[in-house]
Amino acid sequence: MGLGLRRWRDAAAVKDMQLSAADKAAVDKVCSAASKCVVVVVSGRPLILGPKQLSEIDGLVAAWLPGGEGAGVADTLFGTAPFSGKHRRRQL
């Protein structure tokens, strides 16, 4: 979940840091049906998860600008790469 393309382009105009109603509904729906639920928030800025969503999830990953593939996030979540907390490449 994260900012949709339109909202991403207009991010400077968005005055709040809340997840959209659709994203909140997705967390509610998926996490209520899953035995374990990890939410990956893809954004370039902080977003707020409300107490309801936080109480439903088992893990939270803030993937700020992970790139087009997001492989680093997926590899870590599925255990094919160890979590180091560091970027693979130096950011300029």
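Structure summary
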read-out	value
Any hit, the range 57-76, residues being among the polar types (S, T, N, Q) and at pLDDT 85 or above	no
Residues (open to solvent by less than 70 Å² (accessible area, probe 1.4 Å) and modelled with pLDDT under 75) located in the range 77-92	85
Candidate set: the range 15-29, residues that are farther than 14 Å from residue 61 by Cα and within 11 Å of the chain's Cα centre (by Cα); chosen: the one surrounded by the most Cβ atoms within 10 Å (Cβ to Cβ)	19
Test: residue in the range 30-41 that is assigned to a strand (DSSP E or B), open to solvent by less than 30 Å² (accessible area, probe 1.4 Å) and modelled with pLDDT under 80	no
Positions within the range 42-55 being among the polar types (S, T, N, Q) and surrounded by fewer than 14 Cβ atoms within 10 Å (Cβ to Cβ), in sequence order	55
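The values are calculated or read from the model by the stated rules, or taken from the named source; none is laboratory data. All values reported here derive from a predicted model rather than from experimental measurement. Neighbour counts run over all protein chains shown; Cβ positions are idealised from the backbone, glycine included. Side chains are part of the model used for accessible areas, which takes the heavy atoms of the whole protein and leaves out ligands, DNA and RNA. Shrake-Rupley method; radii C 1.70, N 1.55, O 1.52, S 1.80 Å.
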